[in-house]
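So the structure is just underneath, and the comments pick up after that.
Laboratory data are not the source of any read-out in this text; all were calculated from the coordinates shown. Worth saying up front: this structure is predicted, and the values here are computed from it rather than measured. Here Cβ is always computed from backbone atoms with ideal geometry, including for glycine, and neighbour counts include all displayed protein chains.
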Amino acid sequence: MRIIFVRHAEPDYSDDSLTEKGKREALLLAERAKEWNVKDIYVSPFGRAKETAEPIVKALNIKPVTLPWLREYSYRVTNPVHGNKTVPWDFIPTQVYEDEKMISQNDWVDAGPNASNEEVKTNYPVVIKGLDELIENYGIKRVCNHYERIDGRKRNIISTVKNMKFASADDLPVDDSEPTIVIVCHFGIICLMLSRLINIPFELLTHGFILPTSSVTIVNTEERWDKEVSFRVQAMGDCTHLHAKKEPISNAGSFARLFQQ
């Protein structure tokens, strides 16, 4: 399967909507999305995500499904460095990289400032359960730290190079029934889902990567050994739709000016 994660367009956080620029971003994204072969669309219950999804839904003529657990993972914690309340990833870098628990796959919910709000810990399994159940609807089940096909189908691909040449599309398995789904939500919750899918600690993703507003992150499944299924990121934070129409990338969420070309 393929999952296309979409971060909402530039937000007006004061009323959980989009700015005028955000509305332009959403329209440009919908123009791009109309070429996608999508089976289902899932949306966060927050206004800025719903408003971003509206033109995409219209372009694809698919009824969206709102999932409560796709809300932003914005449970506020107290940061002892500056004393302010913040989301559970907006930390001074050394708070993350110098704390082994913070950069672990599971212990980050109890680490550092995150321990100041029990909701960070109690809502983590809610998201994980929701994601795994969603994926299971498409025939893929979590088994320990990886995924497997429920139907037991097996494949064996040991290399993408054949006779010293890279495999062409014709050399790789083709199954038109494999679904593509779109998930429109938020930066933090996207990173939390990616953390689950590819087994990279949440705080490393949130502090190591930026997903600009309206950006697209594409994750494909690869079935290369037995009935195992692995998720692999093809593109992360892609803004092709903005570049094509010379719409600037918003700096929302970035502590540095973003590259615009």
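For the reader, a short list of remarks on this structure follows.
- Loop-located GluC sites (Glu not before Pro) in the stretch 39-121, at most 14 other Cβ atoms within 10 Å (DSSP): E98, E100
- A simple spin-label model places the labels of K101 and T66 3.7 nm from each other, with each point 7 Å out along Cα-to-Cβ.
- Residues of the stretch 186-206 falling in the label zone of Y13, defined by backbone nitrogen less than 19 Å from a point 7 Å along Cα to beta-carbon, are 186-192, 203, 206.
- Label-point separation, R232 to K58 (7 Å along Cα→Cβ), nm: 3.8 nm
- Three-way shape label, the chain, alpha-carbon gyration tensor, a/c 1.5: oblate
- Cα gyration tensor category, rounded, prolate or oblate, for the stretch 12-54 with a/c compared to 1.5: oblate
- Estimated inter-spin distance, F255 and T180, nm [label 7 Å along Cα→Cβ]: 3.6 nm
- Residue of I200, I210, I158 that the Gaussian network model of the chain assigns the largest fluctuation, springs spanning Cα pairs under 10 Å: I158
- The chain, relative contact order in percent, only Cα pairs under 8 angstrom and at least six apart counted: 28 percent
- This model, with +1 at the C-beta of Lys and Arg and -1 at the C-beta of Asp and Glu, gives the chain a dipole about its Cα centre of some 500 debye.
- Here the gap between H146 and E20, fully extended at 0.36 nm per residue and compared with their Cα-Cα distance, gives a gain of 41.2 nm.
- Calculated FRET efficiency for the pair D110/N137, C-beta based, R₀ 35 Å, to 0.05: 0.70
- Whether the stretch 204-261 is rounded, prolate or oblate, judged on the alpha carbon gyration tensor where a/c under 1.5 counts as rounded: oblate
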